[in-house]
Amino acid sequence: MKNKKGFIFVETIVILTVVALSLSIVLATYSLITRKSKIKEYYNLSSDLYLIYNISQLGTTNRYNYGTFNDFWINKNTCSDKIGQIITNCSDLFTNNNIQNIGIFTNIDDTIKNNTYSLDTGTIEFLNTLKKYYDEERKQPIKYMVARFYRNREYYYAALKVGGENE
């Protein structure tokens, strides 16, 4: 009888372990699926990409060229800062287009690692989805213009390469 009771105990432990592993796999799959749907719904919408493309083109026709700037991350409140002044009618841009932040990141990996701009978790998650392009010819990372939008009580993100291939 002792052997049979010990065997039932071991069977129970094995079954509980299998159930726990199955649940962790199901939860990981669910997390991946919801993350992918969020990426599709809130990241790089064509209208947002079009808007930041036009903003990037404004930078090339004024006395400033966004492609020559290194990292900055501004919002409506920092329009009066030195970096904020590179965008013509900066405060109007933020007010009229639901933009919360806009900026240039020279090296996505360094930006995420150092987080010198106190980026929120959502922005860091978005930056992690971007390819870390490297321009072999120029021996430097390719810059991104990134924008964070707020509408319908949700944050939306879009990124466009500037400099390098887009020039």
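Please treat every number below as a calculation from the coordinates, not as lab data. Given the structure is predicted, the values throughout are model-derived calculations rather than measurements. Note that each Cβ is placed from the backbone with ideal geometry, even for glycine, and that neighbours are counted across all protein chains shown.
Summary of computed values
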item	result
Over 20 Å between alpha carbons, listed pairs 132/161; 76/132; 131/161	76/132
Modelled FRET efficiency - R0 35 Å, residue 110 with residue 151, Cβ distances, 0.05 increments	0.75
Label-point separation, residue 12 to residue 75 (7 Å along Cα→Cβ), nm	5.4 nm
Packing-based ranking, highest mean first, of 14-27, 147-160, 113-126 given that Cβ atoms within 10 Å are counted	147-160, 113-126, 14-27
